[in-house]
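What follows is a set of notes on a single structure, which appears directly below.
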Amino acid sequence: RARLFLNTLTVLALGMSLAAFLSWRAVEALYLDNQRENLLAQASLTAAALQGQPLAGAAQPYSQTTNLQPGIHTRLLAEQGAVVLSLPLPPGESLALPAEDPAVISPQELLARPEVAQAAQGRAAAAVRAVSGRRVLYAAAPVLAADGALGGLVYLAMPLPASGLPASLALELAGAALAAGLLALAAGTLLARRITAPV
């Protein structure tokens, strides 16, 4: 009787654990898709607002470490891949970052990134890549010149939560999983007793 009872509870616990894991992954994928669409929309709107305006300015180095700061980081890239504007500035940093910074990316490397290459062909694109062990979401959109040719690119970067989900959403999911586990435990106990009582 004790064996049947424990086996029933073990099966329920394993089933609930698998369901919780799959639910977490599904919510994480949904969150990432939502953030990707939002960042792409923001990049496209920014590019549309800049349409027909020349993107000129002193070339600045592109440092990836700034992308780990909270918020959305906006950069305007000239057609050759050079950064001509970078917002917002990290606290205590100037526009000119040291060239020896190991996280500095050259214009050629920027243009070789898939999302930037696709935006250079006229289609907004997004990608996720790791920076110092943390995932960062990127979105690029083309800025058209007055004659319809490519005038430059809007390039946005936003750090993703380390756990894959924002803390508030992760707490809600953990609470829901705990409540579901307690309900499964109660239901499993009742079911196990009903099965084992006749035996």
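Under the classification rounded if a/c is under 1.5, otherwise prolate if a/b is larger than b/c and oblate if not, where does the chain fall, given a ≥ b ≥ c as square roots of the Cα gyration tensor eigenvalues? It would help to have the intermediate numbers written out before the result.
Working: a/c = 4.08, a/b = 3.00, b/c = 1.36.
Judged from the Cα gyration tensor, the chain comes out prolate (a/c at least 1.5, a/b above b/c).
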query = What residue among Leu183, Leu68, Leu137 has the largest mean-square fluctuation in a Gaussian network model of the chain, using Cα springs under 10 Å?
reply = Leu183
task = Give the accessible surface of the chain per residue, rounded to a whole number of Å², with probe radius 1.4 Å and ligands, DNA and RNA excluded.
result = 57
ask   = What residues have an amide H closer than 5 Å to that of Val131, excluding those fewer than 5 places away on the same chain, when H is modeled at 1.01 Å from N in the peptide plane?
value = Val136
Relative contact order (percent, whole number), the chain, Cα cutoff 8 Å, 6+ residue spacing = 29
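Rounded to the nearest 500, what is the 222 nm mean residue ellipticity of the chain from helices alone, with -39500 (n - 2.57) per DSSP H run of 4+ residues and division by all residues? Before the final figure, lay out each step's value.
Values: 4 runs with 91 residues, N = 199.
My calculation for the chain gives -16000 deg cm²/dmol from helical runs alone.
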inquiry  = Cut-off 10 angstrom, C-alpha nodes, Gaussian network model of the chain. Which of Ala170, Ala180, Ala140 fluctuates the most?
reply    = Ala180
key: Excluding exposed DSSP-loop trypsin sites (Lys or Arg not before Pro) (at most 15 other C-beta within 10 Å), longest clean stretch of the chain   = 2-122
³J(HN,Hα), Karplus 6.51/-1.76/1.60, whole Hz, each residue of segment 110-127, x for Gly, Pro = 4, 5, 7, 5, x, 5, 6, 4, 5, 5, 5, 8, x, 10, 5, 8, 9, 7
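Let me know the charge dipole size of the chain about its Cα centre in debye, to the nearest 20, where only the beta-carbon of Lys, Arg (+1) and Asp, Glu (-1) is charged.
1260
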request  = List the residues whose amide H sits under 5 Å from the amide H of Gly151, counting only those 5 or more places along or on another chain, with H placed 1.01 Å from N in the peptide plane.
outcome  = Val143, Leu144, Ala145
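So for segment 114-199, averaging the separation of alpha carbon pairs under 8 Å that are six or more residues apart and normalising by length, what relative contact order in percent results?
Working: 98 pairs, mean separation 16.5, N = 86.
RCO, segment 114-199: 19 percent.
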message = I'd like the distance separating the alpha-carbon centroids of segment 1-47 and segment 110-157, in whole Å.
response = 29
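The values are calculated or read from the model by the stated rules, or taken from the named source; none is laboratory data. Small disclaimer: the values here were computed from a predicted structure and weren't measured. Neighbour counts run over all protein chains shown; Cβ positions are idealised from the backbone, glycine included. The area values use the complete protein model at the heavy-atom level, side chains included, leaving out ligands, DNA and RNA. Shrake-Rupley method; radii C 1.70, N 1.55, O 1.52, S 1.80 Å.
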